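What follows draws every value from the coordinates through simple rules; no lab data is involved. Being a predicted model, the structure only gives us computed values, none of them experimental. Here the Cβ is made from the backbone with ideal geometry for all residues, glycine too, and neighbour counts use every protein chain on show.
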Amino acid sequence: MRVRSPQDLVGGIALIALAALAFSQIGDLRFGTASRMGPGYFPTVLAALTGLVGLVLAVRSLVLDGHGLESLNLRHGLPLLGAILVFGLTIRPLGLVLASGLLFLVSAFASPELKWRETLVASVVLIGLAVLLFVVLLDLPFPVWPRM
Amino acid sequence: MDSVFSNLALGFSAAGTPTNLALCFIGALVGTLIGVLPGLGPIATIAILLPITFSLDPLGALIMLAGIYYGAQYGGSTTAILVNMPGETSSVVTTLDGHQMARQGRAGPALAIAALGSFFAGTVATFLVALFGPILASFAQNFGPPEYFALMLTGLIGAIVLASGSVLKAVAMVIVGLLLGCVGSDIETGEQRLTLGIAQIAEGINFTTLAVGLFGVAEILRNLEKTQDRTILGAKITGLMPTWADIKQSIMPVLRGTGIGSVLGILPGNGAVLAPYASYTLEKKISRTPQRFGKGAIEGVAGPESANNAGAQTSFIPLLTLGIPPNAVMAMMVGAMTIQGIVPGPAVMTENPTLFWGMIASMWIGNLMLVIINLPLVGVWVRLLKVPYRILFPAILMFCCIGVYSINSSGIEVMLVALFGAVGYFLVKHGFEPAPLLLAFVLGPLMEENLRRSFLIARGDPMIFVNRPLSAFLLLVAVGLLILVLLPAIRKRREEVFHEEE
C-alpha cells in the first residue's frame, strides 16, 4: 500500500488525535436526550464528527493522489514561538521593558539575516514606543519594570 | 425613506464628535499602516489591533475597528498594486492589472482609482445598509431558535463552499471550529467542558488569542520562510491623479462593481470574497478590448476594488441585523462587540440606536478618511514597504504579545498564542484554510444554544426544522449549496477559480 497524499494522511491523523483528546475530556459530562440536551451532547457529536472526517481524510489519502508534505520551517519557527513563550513567562516578574527585550533577543534568531547592532537600536526604539502607547497613552495596567 | 435620513443624521451626530472622528482617523491610519505590511491581511491586522480598542467606550471602539478594517483592506490593495503581494484573497484580482499599471509607471492612477472607486462603492453600500438594515431587523424579530440555527448552518455551509482547496478539509475546519467553541463552561449547567484543566480557558478560549495566533503569528512564520524577493518599484510615483480618459473608462466598471459587491456581500457564508472575481470576469467579458486585461487595464482595477469595498460594507448587514457574522472579519467584530458587552442582533438597533447608526455613519466617514489619508501618504507607504522584514516581524510579534496580555493581564494567555500560532502554521502547511474555523468558533456557542432551544420546543423532534417554512427554506438552500459544490462540473470550475489565485 502506498500513501498517495502524505499531506492528507497527516491532516487526517491530526484530526483523529484531536477527536481522541476531546473524547478523553468529555468524560462524565451528561449527554442527555435530544429534547433535553446535556452539556456533553454537542461536544460528543462534534468530537465524533472530527474523528470521522479525519478517518475519511486518512483513508482517502491512500486512494487519491494529493500533495506531498511541505517541510516545516523549524529554523524560524522555534525561535519565533520561543520568543512568545518567553514573553508570556517573564512579563509578570520582569515587566514590559525587560520581557519585550527578551522577546527581541529570542526572535532575533528567527531573523533571515542577523544584524545585532540594528536589532538593538530597533528594539530600544520599539520598546519605547510600546511603553508610550500602552502605558502612557492607553493607560493600561502594565508592570513596566520588575517588581522588587 | 425619511426615517432613513433622520436615522443617518442621528448616526452622523454620534460619529461626528471630535473624539470619534479622531478614533476613526487613527483606526484608518493604523489599519493601513499594518495592512500595508506584506502578507498581513485584514483578519491578522484586526486581530493584532483589537486589544488597543479595549479601553474605549463601545461606540468609539467599534468606530475605530471599522476604521482599522477599511484601512487594512486599503493597505492590502496598496501592496497588491505596488509590490504584487496581495494582503488577502480579495485583493488578488487587483494584482493582475494594478501591478501591471504600476510597472508602466502608472501606480499613481491605479492607487487613486482604487481609492475613489472604493469610496464611491462605500458610499452606496453605506446607504444600502441604512436602508435594508431596519427592514431585515424587523423581519428578524420573527426568527425563533430553529430559524437562527438554520441560518447559521447555511452560513457555515456557504463558508465551506467558498473556502479554497479541498471541500473535506473545509468541513473539517468548520467542525473543529465548532468543537473549540464548546470549550469553557456550559451555558446551562456551568460545568467545565474540554478545558484540559487550564484555568485561563475555563470561560472559553479567548477569541483574540485564537485569532492572533491563527492569523497573526502563523502569517509571520509563513512570511519568514518565503525568500525575500519583493520587487519594490524603485521609480518615484509621479502623477497621482488619473487622467480624464482613465476616469471615463472607470465609471461604468465602478458602478457595476458596486452593484455586484453589494448583492454578494449580503449573502451568508462570505459572498463578499467572490465579488472582485465576479466583477473582473464581467469587465473582461463585456470589454471591447479584453486583450488589454492583465496588461494594465484600469477597468480591471476599478471594478474589482469597488466590488470588494461594497461587499465588505454590505457584509455588515447580516451582522448588525441578525447578529450572525457572514465571514471571519465580521466574526472578529462579534468578538469585539461581545468584549464591549454588546450582544449583536436585531435588538441593538432598537435598544441602542445611537450605537447602531453611529457605526453605520462611521463606515462612510472611514471611507472618506481613507481617501484623505491614503492618497497624500502613498509615498510613506512605499517607504514602509522598504523596511526590511527582519525589523518588522519582531515589532509585529511584540504588539501581538502586548495586545493579548492586555486582555486579562495573563501571561498564560500569551503562551496560548504560541500554541495557536503553531496550530495555524500546521493548518496552512497541510492545506487547511483557517478562516472557516474562526467563523465556526464564533458561531458555535450560538448554534448550540439555538439547537438546544429548538429541541426543547419540539420535545426532541427534528421535524421542527422542516415544519417551519423559513427554516425549511434556509436548510434547502444549505442542501442546495452542498449538492452544488459536490457536482463534478462545479467542482472542477471551483478548483479552477481558486487555482487562478495562486
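Observations, loosely collected:
- The stretch A:74-137 shape via C-alpha gyration tensor axes, a/c threshold 1.5: oblate
- Note on the stretch B:1-132: Cα-Cα pairs beyond 18 Å make up 59% of the total pair count.
- Other-chain or far-sequence residues with amide H under 5 Å of A:M37's (modelled H): none
- Whether the protein assembly as shown is rounded, prolate or oblate, judged on the alpha carbon gyration tensor where a/c under 1.5 counts as rounded: rounded
- When the protein assembly as shown is described by a simple charge dipole with +1 on each Lys and Arg Cβ and -1 on each Asp and Glu Cβ, the residue from B:A80, A:V124, B:L264 located farthest towards its positive end is B:A80.
- Karplus 3J(HN,Hα) series, Hz, for the stretch B:55-71 with 6.51 cos²θ - 1.76 cosθ + 1.60 (x for Gly, Pro): 7, 8, 6, x, 4, x, 5, 5, 5, 5, 5, 4, x, 4, 4, 5, x
- Oblate is the label for chain A. Its Cα gyration tensor axes, ordered a ≥ b ≥ c, give a/c of at least 1.5 and b/c at or above a/b.
- Backbone phi angles across the stretch B:275-283, fed through the Karplus curve with coefficients 6.51, -1.76 and 1.60 (θ = phi - 60°), yield HN-Hα couplings of 3, x, 5, 4, 5, 4, 4, 4, 4 Hz in residue order; Gly and Pro are listed as x.
- Residue-span extension gain [A:A48 to A:R92] - 0.36 nm each, minus C-alpha spacing: 11.9 nm
- Too-long pairs where the Cα-Cα distance tops 25 Å, listed order kept, from B:K169/B:K285; B:K226/B:K284; B:K248/B:K285: B:K169/B:K285; B:K226/B:K284
- GNM result for chain A, Cα springs below 10 Å: residue of A:L18, A:L138, A:L103 fluctuating most strongly: A:L138
- Here's how it looks for B:R193: its modeled amide H is under 5 Å from those of B:G184, B:S185, B:D186, which are all 5 or more places away or on a different chain.
- Computed from phi, the 3J(HN,Hα) profile of the stretch B:126-141 under the Karplus parametrisation 6.51, -1.76, 1.60 (θ = phi - 60°) reads 4, 5, 4, 4, 5, 6, 8, x, x, 4, 5, 5, 5, 5, 5, 4 Hz, with x in place of Gly and Pro.
- Inter-chain shielding of A:122-129 (mean C-beta neighbours from other protein chains, 10 Å cut-off): 3
- Shielding score for A:109-116, defined as the mean number of other chain Cβ atoms within 10 Å: 4
- The listed peptides B:418-429, B:108-119, B:287-298, ordered by packing as a protection proxy, come out as B:108-119, B:418-429, B:287-298 (highest mean of other Cβ atoms within 10 Å first).
- Extension gain, B:I198 back to B:L21 (0.36 nm per residue minus Cα-Cα distance, nm): 59.6 nm
- By the Stokes-Einstein formula, at 0.692 mPa s and 37 °C, the stretch B:2-501 with its Kirkwood radius over alpha-carbon pairs has D equal to 144 µm²/s.
- Averaged over the residues of peptide A:86-98, the number of Cβ atoms from other protein chains lying within 10 Å of each residue's Cβ is 4.
- Positive dipole terminus of the protein assembly as shown, leading residue within A:F31, B:I286, B:G366 (C-beta point charges): B:I286
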